[in-house]
Amino acid sequence: MSVKVMLVDDHPIVRHGLRNLLESDPGIKVVAEAEDGISGLEQLDVAKPDLLVVDLMMPGLNGLDVIKRARKKYPRLLIIVLSMQSADSYVVEALRAGANGFVLKDTAPGEIM
């Protein structure tokens, strides 16, 4: 059985690259993608992923709000932030909101896996 992943990021190239990277592992399947927080939360109910990968800075509903709402509705969902924001305050805020981890977008692909 594979790990079901959902990607929420407003940059199509990031979603595409991350999908390709993740699905290079036969144990991972990207089941949904969203370009903003609102559609991400809507798709969460349908996709039912095991892991949510979310950007912090998005138009409409930001990543922190997505994390808080997703965590409240799905307490066992694993949530990883993938962001360009490297300041400690962003990391702390994301973890307090309910993220399980924080990965910088400039991290090497092998480290993300």
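The values are calculated or read from the model by the stated rules, or taken from the named source; none is laboratory data. Treat the numbers as computed from the prediction; the structure is a model and nothing was measured. Backbone-built Cβ (ideal geometry, glycine too); neighbour counts: all protein chains shown. For the accessible areas, the whole protein counts, side chains as well, though only heavy atoms, and no ligand, DNA or RNA atoms are used. Shrake-Rupley method; radii C 1.70, N 1.55, O 1.52, S 1.80 Å.
Structure summary
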quantity: So residue 76, is it out of contact with any strand residue (DSSP E or B) (no Cβ under 8 Å at 6 or more places or on another chain), of a type outside the set (Asp, Glu) and closer than 16 Å to residue 63 by Cα; calculated: no
quantity: Filter result for residue 111 (at pLDDT below 95 and either in a helix (DSSP H, G or I) or open to solvent by less than 30 Å² (accessible area, probe 1.4 Å) (or both)); calculated: yes
quantity: Single residue of the range 59-113 satisfying the filter (aromatic (Phe, Trp, Tyr) and more than 13 Å from the chain's Cα centre (by Cα)) that is nearest to residue 41 (Cα to Cα); calculated: 74
quantity: Any hit, the range 71-83, residues being open to solvent by 40 Å² or more (accessible area, probe 1.4 Å), part of a helix (DSSP H, G or I) and under 21 Å from residue 14 (Cβ atoms); calculated: no
quantity: Test: residue in the range 89-96 that is over 22 Å from residue 19 (Cα atoms), assigned to a helix (DSSP H, G or I), open to solvent by 50 Å² or more (accessible area, probe 1.4 Å) and of a type in the set (S, T, N, Q); calculated: yes
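Rundown of residues vs (1) surrounded by fewer than 13 Cβ atoms within 10 Å (Cβ to Cβ); (2) assigned to a loop (DSSP other than H, G, I, E, B); (3) touching a strand residue (DSSP E or B) at 6+ places or on another chain (Cβ under 8 Å), yes/no style:
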residue	(1), (2), (3)
5	no, no, yes
10	no, yes, no
21	no, no, no
46	yes, no, yes
56	no, yes, yes
64	no, no, no
